[in-house]
Amino acid sequence: MEGLRRGLSRWKRYHIKVHLADEALLPLTVRPRDTLRDLRAQLVGQGVSSWKRTFYYNARRLDDHQTVRDAHLQGGSVLLLVSDPR
């Protein structure tokens, strides 16, 4: 049964949004295994630069190597993408 769940997670998709500090909400479709780096690539594909910006979710800073599953993102989650203060 556990193997079946792991196999099905490959097909699972979440519809999330990224809120840019100075712009609107951008919708993204992600998989549980996608990393934040993959999300950055999707944003670049939409013409949004994520260079020197950091993702936050529920007031927690997220690292690029984290997966959607690691960050506990679900359908309807909203990520904040802000300029890196460093």
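Observations, loosely collected:
- Within the stretch 12-23, tally of residues that are open to solvent by 70 Å² or more (accessible area, probe 1.4 Å) and either of a type in the set (Val, Ile, Thr) or more than 17 Å from Asn58 (Cβ to Cβ) (or both): 5
- Output for the stretch 57-84, where each listed residue is in contact (Cβ under 8 Å) with a residue 24 or more places away in the chain, over 16 Å from Val30 (Cβ atoms) and outside any loop (DSSP other than H, G, I, E, B): Val82, Ser83
- Residues of the stretch 20-44 classified as assigned to a strand (DSSP E or B) and either among the hydroxyl-bearing types (Ser, Thr, Tyr) or in contact with a Leu (Cβ under 8 Å, 6 or more places away or on another chain) (or both), total: 6
- Residue ID - surrounded by the fewest Cβ atoms within 10 Å (Cβ to Cβ), chosen from residues in the stretch 24-73 that are in contact with an Asp or Glu (Cβ under 8 Å, 6 or more places away or on another chain) and under 16 Å from Lys12 (Cβ atoms): Thr67
The values are calculated or read from the model by the stated rules, or taken from the named source; none is laboratory data. Fair warning: this is a prediction, and the values are worked out from it, not measured in the lab. Don't worry about glycine lacking a Cβ; one is built from the backbone with ideal geometry, like all the others, and counts go over all protein chains shown. The accessibility values were calculated without ligands, DNA or RNA, using every heavy atom of the protein model including side chains. Shrake-Rupley method; radii C 1.70, N 1.55, O 1.52, S 1.80 Å.
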